[in-house]
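Asker: One structure follows; several queries about it will come next.
The values are calculated or read from the model by the stated rules, or taken from the named source; none is laboratory data. Computed from a prediction, not measured in an experiment: that's the story for all the values here. Using ideal geometry, Cβ is built from the backbone for each residue, glycine included, and neighbour counts are taken over all protein chains shown.
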Amino acid sequence: MLYEKLIKLYPSLTPQDFSPNGGTIILQNDSDGKGDYIKEWEHSTLAKPTDEELA
Amino acid sequence: MAQISIAGDTSGAITIAAPSVAGTNTLTLPAATGTVLTSASTQVTGPAFSAYSNSNQSLTASAFNKILFQVSEFDTNSNFASSKFTPTVAGYYLINTRLAAGPFNGECVLTFYKNGAIYKYSQDISLSTNYSLHGSALIYCNGSTDYIEIYVYAGSATTTASSNSAYTWVQGYLARSA
């Protein structure tokens with residue numbers, strides 16, 4: 001799952017970073033069989049990971 | 001049947017007819033300029049739909065998951081498809097939804113999406129049990145490109161409960177034309 005990959009890549013991330021209440025990262029799943037993806041990434045210090053980093 | 005007919009300036013006519021039933025009734029027109037509604041007016045016949053989910057759906061953790069509603073109970077204007085409501089009549093639509101899911105283990109937020117983006121958050125809970133989320137929102141749609149979907153943010157991986165039409169559903173109707 002994408003969430004677990006991101007936590008592994010950036011251990012400093014917490015559930016709050018993904019929360020609709022104050023989070024800065026939005027993960028989305030359109031239930032179309034394509035899985036989770038990063039809809040928005042506005043974290044103040046961590047860069048949006050590349051596809052290679054998430055592979 | 002007694003009736004009054006008013007001919008149009010160039011063509012056509014409007015006929016006001018009294019029904020052939022006993023009793024006296026009074027039709028009072030408003031003291032205002034406007035158009036009288038009829039049973040064929042958009043405000044009366046505007047789109048309405050109801051759909052539900054017929055299979056459990058896995059929700060991935062810490063993501064907004066689109067909820068699938070595979071079965072249409074009614075769809076008066078054929079505007080609901082692929083779990084998406086795209087009304088072809090402009091106006092303000094009241095959308096109601098319920099999602100049964102669980103067990104939750106963290107925050108869950110029922111969310112109305114408009115045109116593929118977060119539009120209105122609804123019920124927001126944080127608990128570790130089975131639960132149902134309810135939501136309602138009044139959403140303007142332009143009658144051509146605007147569409148509405150239902151998503152849920154799941155703080156942990158879980159599944160929806162969708163064994164019949166009562167569990168996980170969405171309904172909507174035109175509350176006011178544009």
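Asker: Given B:I125, B:I95, B:I150, B:I118, which one is at pLDDT below 95 and β-branched (V, I, T)?
Answerer: Just a single option satisfies the conditions, and that option is B:I125.
Asker: Report, by residue number, each residue of the stretch A:1-14 that is closer than 23 Å to B:Q57 by Cβ and crowded, with 16+ Cβ neighbours inside 10 Å.
Answerer: A:L2, A:Y3, A:L6
Asker: Given B:D75, B:D124, which one is in contact with a strand residue (DSSP E or B) (Cβ under 7 Å, 6 or more places away or on another chain), free of Cβ contacts under 8 Å to residues at least 40 places away in the same chain and farther than 30 Å from A:T14 by Cβ?
Answerer: Residue meeting the stated conditions: B:D75.
Asker: Could you list, in sequence order, the residues of the stretch B:27-81 that are in contact with a Leu (Cβ under 9 Å, 6 or more places away or on another chain), of a type in the set (S, T, N, Q) and exposed (fewer than 13 other Cβ atoms within 10 Å of the Cβ)?
Answerer: B:S55
Asker: Answer with yes or no whether A:L13 is out of contact with any Ser or Thr (no Cβ under 9 Å at 6 or more places or on another chain), of a type in the set (A, V, I, L, M) and within 14 Å of chain B (Cβ to nearest Cβ).
Answerer: yes
Asker: Still on this structure: Among the residues of the stretch B:156-169, write down those that are closer than 14 Å to B:L99 by Cβ and within 14 Å of chain A (Cβ to nearest Cβ).
Answerer: B:T158, B:T159, B:T160, B:S162, B:T168, listed by residue number.
Asker: Scan the stretch B:113-154 for residues that are more than 14 Å from chain A (Cβ to nearest Cβ), among the hydrophobic types (A, V, I, L, M, F, W, C), touching a Leu at 6+ places or on another chain (Cβ under 8 Å) and surrounded by fewer than 16 Cβ atoms within 10 Å (Cβ to Cβ) and jot them down.
Answerer: Listed by number, the list holds a single entry, B:L138.
Asker: Would you mind listing the strands (runs of 3 or more DSSP E) fully within the stretch B:117-178 where at least 1 residues are farther than 27 Å from A:Y37 by Cβ and small (G, A, S)?
Answerer: Per the criteria, B:131-141, B:169-177.
Asker: Which of (1) exposed (fewer than 14 other Cβ atoms within 10 Å of the Cβ); (2) in contact with a His (Cβ under 7 Å, 6 or more places away or on another chain); (3) β-branched (V, I, T) does A:T24 not meet, given it meets every other one?
Answerer: (1)
Asker: Then there is this: Take A:K39 and tell me if it is on the phi < 0 side of the Ramachandran plot, more than 10 Å from every other protein chain (Cβ to nearest Cβ) and not polar (S, T, N, Q).
Answerer: The answer is no for A:K39.
Asker: For A:E4, state whether it is out of contact with any helix residue (DSSP H, G or I) (no Cβ under 9 Å at 6 or more places or on another chain), part of a strand (DSSP E or B) and within 11 Å of chain B (Cβ to nearest Cβ).
Answerer: The answer is no for A:E4.
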